[in-house]
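Notes follow once the structure below has been shown.
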Amino acid sequence: MRWLEYIVFLALVVGLAWPVGIYLACVFQRRPTMLDPALRPIESLLHRLFRTQGQEMTAGVYTLCFLLFSAVSTAGLFVLLLIQRWLPGGPADRYLTTPMTLDLAINTAISFSTTTTWQAYGGENTLRYLTQVVGLVSQNFLAGAAGLAIGIAFIRGFSRERAATIGNFWVDLVRALLWVLLPVALAGSLVLVWQGVPLNLAAYTEARTLEGGLQTIAQGPVAALEFIKNLGTNGGGFFNANGAHPYENPTPLVNFLAMLAIAVLPASLTITFGRMIGRPRAGSILLAVMVVLFAGGLVLCDYAEAANPPQLADLHVAGGNMEGKEVRFGIGDSVLAAVVTSNGATGSYNSMHDSYQPVGVLVPLVNMLLGEVIFGGLGTGLYSMIMIALVAVFLGGLMIGRTPEYLGKKITAAETRLTILYALLTPAVVLVLTGLAIATNAGRAGLVTNTGTHGFTEILFAYASSMANNGQNMAGLNASSVFYNLTTAVAMLAGRFGLAALALALAGRFAAQRRWPTTSGTLPGDSALFGALVLGTILLVGALSFLPALALGPIAEALQH
Amino acid sequence: MTLRDHLRTAFVSVILLTLLTGCIFPLVLFAFGRWLYPTQAAGSLVTGKGVVIGSRLIGQDFIRPEYFHSRPSAAGNGYDGTSSGGTNFGLSNRKLIEGVRQSAEAYRKSNGLPPDAIVPIDAATRSGSGLDPHISPTNAELQIARVARTRGLDEGAVRRLVASHTEGPQLGFLGSPRVSVLELNLALDQAFPLIRR
């Protein structure tokens, strides 16, 4: 049965990618859509208030506006977090047992403004309802929309020639919100309420259980956060257990819709890309590469988790590895969520990855380390994929002895430098920070639950997740310390702004180029052969960067059994 | 446009868009959600004799032999609705293996199973949320004899009740088959009321 679900899921993602991708192209090329009569007046009102006229921006100015917007968002959320104790409304003070320290506020503010939504706290014990809604729900929208905007700007670098500019950040941002995220989130959130996700501001419920015991049940405006956290590829949960909590994820249908919300928009951006550059097949090839990598990870993770754990072989238990998993999801929905959330830069796992088999956890870990190229974050996933495709183009160019070019754009020395810097940034940040953590007492102090190779994996996973702006964790690592709050924040900033700045700089250079004609010596960017080359490059670069680290973590642990 | 202009736009946009997405959006959602689905919005609470018994969606602890038992839980001291979470033990962790061993032994003992009987994995492991409201149909099946015996009932009657509370995959292909423990126990009390001493 779970195989049917996997197949239906992939078929829906691929099937929806075409209409959605075409719609996104219409929205960002400012062509007419059905929503225009309702949204155009709001759009022009907002731009009047912003005092923006929608002038085109160079890549530098576009990046600057993105940075300023994110900086103001972070600062605003930071202040809100520091004063949230004094906000009115629930939950009652006695439940807010985690103090909002300065480092936790910095970490959380950066985490939500970068779509990482890494959480070094448990929602039900830390935050007021008002903070969750006004602070976090809004950042789930805003940071997600900003990601989509920079993804679209990146595409314009390929679709334009001899152009000095790549669009207007504020126009793209507002369009991403009004035409895409807000309407879909409103409809999706209502389905979630129907399925049982709470939407209230009530005090925590005091229940007298059937056996006469007392049970206090945390409540809240959960449904306001739940859909946009996936649609915007953020993923931070309302409660500590995130997508495993029955209030956040009450039914398999809610889970399935959440997985679609994560994957469909990033997948369809490949189609938007093909369409906006006038080479539809180039987009389809990138999507095909994503689907192959996705399916590979899914099969491997399913194989690891569905087997009876060999560690428990002499205990006479049977039914796969259900530690940290929910019965309503079983192995199938848990594995699907692990693979989709790790690919989609979204932290909303529905089972505890710390209790996965070593091979089972290897899959989400590698998905994140590859740089979120498989669907990936909203907007950011597309440029992650194309940046690695450019490395493939460079390798292909070396093989055939021509100046490498991709879809009519030449990759000269300057473009190659940006591409290689991009490819090196993730391993540099992740490995240096992981090394720092295992070399210091402050870092090793986080290993309160598991030790040895498994503990090493927890630390590597934390920085991979932060750098990938994913936000999921192996929650056995106690990351609520000054050391982890600050170091993961560094990784989140590098993963969001370091990578985006490089990608947008490259887009600016491509926009300025003319489009070179295709000749017999060109490696065509829309052939199956090119797809295979990209696939091989992703695996090769990933293995070269991370195989030693993986050998110390999940691979070593797997070999112990 | 100068840097100051861009910074001004950044401030104004963050404030206005926060109002739009962090205030207006939730208000619209509240208006529709609470009007269309008031029960779910309030947390799917179950009441009996005017008292809240719990939530249909949140698991609770059962230890008495006349009830079906939930899975072991790592939320607080067990099924703490304000402290969701799993053990986060790795499979190589002795604490996990010991926990599974003890849970499986306790399960065999309370259900009168032989020492080498296979225990369904969900009965011996702790869920991710610690609030899992469900158990697997196999797990429920193995508890039928105990529940029927303590209540002085025919096993067939209890088995029929379990069957009617077993949910298959949603829409025919989503998720795993499951039995809601609280709902089953509520139905059990209703169909075969206990004479409380």
Next item on the list: Would you point out the residue of segment A:273-317, among those that are outside any helix (DSSP H, G or I) and more than 22 Å from A:H353 (Cβ to Cβ), that is farthest from the other protein chains (Cβ to nearest Cβ)?
Entry: A:R279
Notebook entry, point to check: If we only count helices (runs of 4 or more DSSP H) wholly inside segment B:78-186, which ones have 3 or more residues that are among the charged types (D, E, K, R), at the interface with chain A (Cβ under 7 Å from one of its Cβ atoms) and in contact with a strand residue (DSSP E or B) (Cβ under 8 Å, 6 or more places away or on another chain)?
Noted result: none
Notebook entry, point to check: Looking at A:L64, A:L46, which is the one that is within 9 Å of chain B (Cβ to nearest Cβ) and touching a residue at least 40 places away in the same chain (Cβ under 8 Å)?
Noted result: A:L46
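Only one of B:L171, B:L194 is on the phi > 0 side of the Ramachandran plot, loosely packed, with under 15 Cβ neighbours inside 10 Å and not small (G, A, S). Can you tell me which?
Unique residue meeting the criteria: B:L171.
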Note to self: Tally up the residues in segment A:204-227 that are part of a loop (DSSP other than H, G, I, E, B) and either under 30 Å from A:T115 (Cα atoms) or in contact with a His (Cβ under 9 Å, 6 or more places away or on another chain) (or both), please.
What the structure shows: 5
Note to self: Among the residues of segment B:49-66, what is the count of those that are in contact (Cβ under 8 Å) with a residue 40 or more places away in the chain, more than 7 Å from chain A (Cβ to nearest Cβ) and out of contact with any strand residue (DSSP E or B) (no Cβ under 8 Å at 6 or more places or on another chain)?
What the structure shows: 2
Notebook entry, point to check: Hey, does segment A:414-430 have a residue that's in contact with a strand residue (DSSP E or B) (Cβ under 8 Å, 6 or more places away or on another chain) and of a type in the set (V, I, T)?
Noted result: no
Item checked: Matching residues, segment A:173-189, being within 12 Å of chain B (Cβ to nearest Cβ) and buried (at least 20 other Cβ atoms within 10 Å of the Cβ) -> A:L173, A:V174, A:A176, A:L177, A:L178, A:L181, A:L182, A:A185, A:G188, A:S189
Margin query: For segment A:206-222, check the following and say yes or no: at least one residue is more than 7 Å from chain B (Cβ to nearest Cβ) and crowded, with 24+ Cβ neighbours inside 10 Å.
Written below: yes
Next item on the list: Could you grab me the full set of residues in segment A:526-559 that are within 21 Å of A:E372 (Cα to Cα), touching a residue at least 60 places away in the same chain (Cβ under 8 Å) and not hydrophobic (A, V, I, L, M, F, W, C)?
Entry: A:G531, A:G536, A:T537, A:G542, A:S545, A:G553, A:P554
Next item on the list: Taking B:S92 as meeting all but one of (1) in contact (Cβ under 8 Å) with a residue 12 or more places away in the chain; (2) out of contact with any Lys or Arg (no Cβ under 9 Å at 6 or more places or on another chain); (3) not hydrophobic (A, V, I, L, M, F, W, C), write down the number of the exception.
Entry: (1)
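I need the helices (runs of 4 or more DSSP H) fully contained in segment A:376-455, keeping only those with at least 3 residues that are free of Cβ contacts under 8 Å to residues at least 12 places away in the same chain, under 27 Å from A:P358 (Cβ atoms) and among the aliphatic types (A, V, I, L, M).
Values: elements: A:380-400, A:413-439, A:441-444.
Result: A:413-439.
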Next item on the list: Inspect segment A:253-266 for any residue being modelled with pLDDT of 95 or more and more than 23 Å from B:P169 (Cβ to Cβ) and give the result as yes or no.
Entry: yes
Notebook entry, point to check: Residues of segment A:99-129 being β-branched (V, I, T), surrounded by fewer than 24 Cβ atoms within 10 Å (Cβ to Cβ) and out of contact with any Leu (no Cβ under 8 Å at 6 or more places or on another chain), which ones?
Noted result: A:T101
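Can you confirm whether segment A:322-334 contains a residue that is more than 14 Å from every other protein chain (Cβ to nearest Cβ), crowded, with 23+ Cβ neighbours inside 10 Å, under 26 Å from A:F238 (Cα atoms) and in contact (Cβ under 8 Å) with a residue 40 or more places away in the chain? Break it down stepwise before answering.
At the first step, the residues of segment A:322-334 found to be more than 14 Å from every other protein chain (Cβ to nearest Cβ) are none.
No: zero hits.
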Next item on the list: Could you list, in sequence order, all residues of segment B:11-27 that are facing chain A (nearest Cβ under 7 Å) and hydrophobic (A, V, I, L, M, F, W, C)?
Entry: B:F11, B:V12, B:V14, B:L16, B:L17, B:C23, B:F25
Check: Which of the residues belonging to segment A:156-172 are hydroxyl-bearing (S, T, Y) and either surrounded by fewer than 20 Cβ atoms within 10 Å (Cβ to Cβ) or within 13 Å of another protein chain (Cβ to nearest Cβ) (or both)?
Finding: A:T165
Item checked: A:F238 being within 12 Å of another protein chain (Cβ to nearest Cβ) and assigned to a loop (DSSP other than H, G, I, E, B) -> yes
Checklist line | Hits in segment A:190-201 - residues which are more than 7 Å from chain B (Cβ to nearest Cβ) and either over 17 Å from A:Q132 (Cα atoms) or small (G, A, S) (or both) | finding: A:V191, A:L192, A:Q195
Notebook entry, point to check: If we scan segment A:353-363, do we find a residue that is over 12 Å from the mean Cα position of the chain (by Cα) and within 26 Å of A:L529 (Cα to Cα)?
Noted result: yes
Margin query: Tell me yes or no: at least one residue of segment A:75-97 is surrounded by fewer than 22 Cβ atoms within 10 Å (Cβ to Cβ), under 27 Å from the mean Cα position of the chain (by Cα), away from chain B (no Cβ under 14 Å) and β-branched (V, I, T).
Written below: no
Next item on the list: Scan A:F497, A:F461 and give me the residue that is farther than 18 Å from A:G553 by Cα and assigned to a helix (DSSP H, G or I).
Entry: A:F497
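The values are calculated or read from the model by the stated rules, or taken from the named source; none is laboratory data. Just so you know, these numbers come straight off a predicted model, no measurement behind them. When we count neighbours, we look across all protein chains shown, and the Cβ atoms used for this are built from the backbone with ideal geometry, even at glycine.
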